Amino acid sequence: MTIRRLRYTLMAAVTTLTLAACAGEDKSLQPTATKAQAVQRVEELVHEAFGQLPSGATLKINVDEDSLPCDDATDGGPAGRIFAEKRYLIVPPGTGAWPTEQIIPTLVTFWQQKGYKVHTDKRSEPEPRYSVETPDGYFVTANAWSRGDHLDITLSSDSPCIWENGTPDPQ
């Protein structure tokens, strides 16, 4: 009697687990931001960070992509998604009113106050780079390039992998 009860209990547990797994939602097919929403958020993050810098600088677009393929995604999700990326060169004022070397430390302080998760911290390198991830999965990066007598610094943001229209295309 005990073996029979154990067998039924195990069968019930396996059946319950199987049904739960089949009824579960595939997280990779969940709705995402749309392309327009992702582009807007990427722009918002760049301009929010840029607003922390002293006045007088300008942004010059370097990369403006709103439909890059996300087929090599590191999140394990399905192919067919895209991501948006905006990259700007920060052009300091010609007056030398503030040193470009202060851009990354200023942004680091701002991003720390926002509670963003550090993704890359290479501030001590000759060409410093600092990248953070926002709670909603977007990345924001400040990257410096040595030009001998000065640093060129870019400010960029990337969206997570998204479905262009917010949901997978029906097959």
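The values are calculated or read from the model by the stated rules, or taken from the named source; none is laboratory data. Here the structure is a predicted model, which means the values were calculated and not measured. Cβ sites come from the backbone with ideal geometry, for glycine too, and all protein chains shown count toward neighbours.
Before moving on, here are some points about what is shown:
- For VAL91, the criteria (1) among the β-branched types (Val, Ile, Thr); (2) at pLDDT below 95; (3) within 20 Å of the chain's Cα centre (by Cα) hold in every case but one, which is (3).
- Residue in segment 80-102 that is surrounded by fewer than 17 Cβ atoms within 10 Å (Cβ to Cβ) and over 27 Å from SER55 (Cβ atoms) present: yes
- Looking across PRO160, PRO128, one residue alone is buried (at least 21 other Cβ atoms within 10 Å of the Cβ) and out of contact with any Ser or Thr (no Cβ under 9 Å at 6 or more places or on another chain). It is PRO128.
- Every condition in (1) among the basic types (Lys, Arg); (2) touching a residue at least 24 places away in the same chain (Cβ under 8 Å); (3) over 25 Å from GLN37 (Cβ atoms) holds for ARG87 except the one numbered (3).
Conditions (1) under 20 Å from the mean Cα position of the chain (by Cα); (2) modelled with pLDDT of 95 or more; (3) of a type in the set (D, E, K, R), marked per residue:
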residue	(1), (2), (3)
ASP64	yes, no, yes
ASP71	yes, no, yes
ASP75	yes, no, yes
GLU85	yes, yes, yes
GLU101	no, no, yes
LYS114	yes, yes, yes
LYS117	yes, yes, yes
ARG129	yes, yes, yes
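- Residues being in a strand (DSSP E or B), without any contact (Cβ under 8 Å) to a residue 40 or more places away in the chain and more than 16 Å from ASP75 (Cβ to Cβ) - total across segment 132-160: 5
- Residues in segment 131-148 that are surrounded by fewer than 19 Cβ atoms within 10 Å (Cβ to Cβ) and among the aliphatic types (A, V, I, L, M): there are none.
- Any hit, segment 161-168, residues being without any contact (Cβ under 8 Å) to a residue 40 or more places away in the chain and either farther than 30 Å from LEU29 by Cβ or in contact with a Lys or Arg (Cβ under 7 Å, 6 or more places away or on another chain) (or both): no
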